[in-house]
Structures are given as C-alpha cells and as structure tokens.
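Data block below; observations after.
The values are calculated or read from the model by the stated rules, or taken from the named source; none is laboratory data. Quick caveat: nothing in here was measured; it's all calculated off a predicted structure. Quick reminder, even Gly has a Cβ in these numbers, built from the backbone with ideal geometry, and neighbours come from all protein chains shown.
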Amino acid sequence: MSFPSRKAAIVGVYTSEQARGMQRTTASLEVECVKGALADAGLSHRDVDGLISMSFNTSLVQSMAWAEQLGGRPLTLFDIGSGAGSAVKAALAIASGLTNVVVVFCANAGFRLGPQGSSGQAGAPRVADMNFMIQGAYMSPWYALWTRRYLHQFNVRPEYLAEYSVIARHHATLNPGSVMGGKGEITVDDVFNSRMVADPLHLLECPLDNDGGYAFVVASEAVARDCKKKPVWILGGAESIYTDFYMSITPDWINDRGQAVRKSADLAFATAGVSRGEIDVAGLYDCYPVTVARDLEEIGFCKLGEGADYIHEGHLRLGGKMPANTDGGLLSHSHNGNPSGFQVIEVARQLRGECGPRQVADAKIGCALSQGFAVHGLGATLVMAAD
C-alpha cells in the first residue's frame, strides 16, 4: 500500500514554558501539553484513542495510567517515538483504521543530559557494556570530533558553521517562547568569544539543556475537517534507524553513501510526491551547527561538503531560500531532553500562518527532520502541506 497522503493531518499543537530549573514535575507538564494540544484542535480527551510518548519516563504502567485517565475508550495505539517518526506512525495507524485521533507528547522536568544526568556505579564496571560515556564524555566532545573532521575534510571555514548559531539566535528573538531570545542577537565574534566547551566547539555552538514540554495531535481526514484550526496535511514520511550511538566512528565516517537520515528523506519525498525544491520552510535537527550542515547534505538540499556554504549563503534565514528552525531551534529555543517534536510543531505553525514576526511568507509545503545519534543513527522525515 502506498503512503496515505492527505488522509491524516496535524490539527493541534502546544508548547509549554521552556526554561532551566522549572519547579514542575514531568507528569504535570505532560498533562498540560496534552490538554493544550487538544484544546488547540478543539477536541476532547474522550476523542483520543492513540498516544505516542517521547518522554524519558514512559513505561507500560504509565501507558495504562494514561489510558485510564483519558477515559471513554481503550487506547488502540501506544508507542514511543521521535517527533517526525511519531507523526508518520500516527498517520499510518489512522489510515489503517486502528485509530482516529493520536496525541504525540513529550516533557522533561529535572533530567539533565550527559554525565551530570547519570549516576555511576560504586564499583567497576561503572557503566553498561558498549556505553558511550565510558570515558566520561557525551554529546559535546563527540560532536567536537565530528566538527573537526568536517572542517578538515571539506576545508570549511569555522565561521561558516558559527553563522548558524547567529541565525538561530535571530529567529529566537522573534519567538517570545524561546529560552534565549530575550538575551538578544549575537554575532560570530560573540560565538568565538564564548567559552570553549570541547575544542573547536564554543558554548554558543552547543545546545540548550532545559525543562519544558510539547504535544501535537494527528487526526483522520474526517476529524480534521471539523477541527478548530486549519489542518496541516501529512503528505509523506518515513523513519530509519541504522547504527551510531556515539560509538561507531569508521574511517569514512562522512561519506556520500548516506545512512538513516538519507534513507528516511528519500522515502519521505518519494511518498509525498514532492521535490526538495518545493519546500518553503523546514525544521532541521540542529543540536550543533555541524549537524545542520550534514542534515542539509543527507536530506539532499545540497551536495556532500556544501552544507556550511548553504548556511553561509543565508538560505536558512528568514527571507532566505528555505528558512529553517524559525523558533530558534535547539541552540536558542529549547532542548528539553528529547526535542525532536519541536521541528514538527514549528513547521505546522508556519503552515497555519501563526508565527507573527517570524512568519515565512506564503509557506505552503514544509518538512521536519527528527534525528538522533548523528545522521547515521536515527532519522525521521515528515513532509507537510497547508490546507
């Protein structure tokens, strides 16, 4: 069966406050976000028959608790996923008749990323087998290696990557819900003058680590037509997983063969019947500037080694060829532990024309990329269209 294009739509979105050290519980944020997304759609909790959680505390018992609290009917879909991948799964479940209204949600309160968020064992072995933190490192040192390799392999000027941090902060200043927007604009000099975290990565090239939540609602065509807001139709999408849990670094690590992100993007655009050139606005996973460069290359917006030039040429800025991460992204809007739904939500808002001063003019078609563990490891691409 071909992908059920336009048989499901995103009909409600919600983001809570995003901040560091919020005096909230994860559960309270989850409830707020689920209720907020349903209210945005004009739906009731009794309409929901599917849930996909991206929170770190998801378990079978908690899934059953959600089913009880939502009431009205047994849930026929409960899964754990990524933002774009969850939207794809929801659309497929709806098209198959398993579900009618699916809420995708995530929240984090108090969990910190990296070694500071993990407790070691009292004695050896202090971490599990094949653990990426065996040397005490985590994301920033790993992405520092990746950045250094990318700069060397393609003779890239470091300021070209640093310019992405400047773009993200500018977008955040136009988003009152962002963590960093209130701190104002930054320059490339500001990026290079911020403290070094893991050479060559400076503080302003590293993602946020904060609390907060979000949710979005995917509904069938029949339900979507009667919702409060204009539907954002799911045209196509795919998810792919390979290997790269911050461990599998091969000599030809950056190559033109592509892995998870490439596979998901090729399938997503093929199922949607849309070309890369038709994308008006994008949500790219942007935990570090080098990630954006590689995402652009792997998705197919430019060739291998050209991602930094794509950033430098201004294509991702508001007013550029394909504005991306107009909420400020993971560097300046929010990185709430599992931020892979923010890209879907911001693109949906853009396609509904709700972004005010950061609105992309006449945005009709958008794509969102959820990613984890580099472009090799986990990738999910979603293509959406305005009503």
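Some points to look at:
- Taking the criterion of being touching a helix residue (DSSP H, G or I) at 6+ places or on another chain (Cβ under 9 Å), under 25 Å from residue 211 (Cα atoms) and surrounded by fewer than 19 Cβ atoms within 10 Å (Cβ to Cβ), the residues of segment 144-189 that qualify are 174, 176, 182, 183, 184, 185.
- Restricting 92, 98, 75 to residues that are of a type outside the set (Lys, Arg), modelled with pLDDT under 90 and within 23 Å of residue 223 (Cα to Cα) narrows the list to 75.
- Single unsatisfied condition, residue 103 versus (1) modelled with pLDDT under 95; (2) outside any helix (DSSP H, G or I): (1)
- Residue in segment 258-266 that is polar (S, T, N, Q), under 19 Å from the mean Cα position of the chain (by Cα) and surrounded by fewer than 22 Cβ atoms within 10 Å (Cβ to Cβ) present: yes
- Only listed residue being charged (D, E, K, R), out of contact with any strand residue (DSSP E or B) (no Cβ under 6 Å at 6 or more places or on another chain) and within 30 Å of residue 263 (Cα to Cα), chosen from 7, 35: 7
- Segment 308-329: number of residues that are surrounded by fewer than 22 Cβ atoms within 10 Å (Cβ to Cβ) and in contact with a Phe, Trp or Tyr (Cβ under 6 Å, 6 or more places away or on another chain): 1
- Qualifying residue in segment 278-287 (condition: of a type in the set (Val, Ile, Thr), part of a loop (DSSP other than H, G, I, E, B) and within 18 Å of residue 236 (Cα to Cα)): yes
- Residues being in a helix (DSSP H, G or I), closer than 18 Å to residue 355 by Cβ and not hydrophobic (A, V, I, L, M, F, W, C) - total across segment 296-343: 3
- Positions within segment 173-230 being acidic (Asp, Glu) and within 30 Å of residue 364 (Cβ to Cβ), in sequence order: 185, 221, 226
- Residues being modelled with pLDDT of 95 or more and at positive phi - total across segment 335-387: 3
- Where residue 332 falls short, out of the listed (1) closer than 21 Å to residue 217 by Cα; (2) buried (at least 24 other Cβ atoms within 10 Å of the Cβ): (1)
- Candidate set from segment 87-100 (those that are in a helix (DSSP H, G or I) and touching a residue at least 60 places away in the same chain (Cβ under 8 Å)); member that is farthest from residue 52 (Cα to Cα): 95
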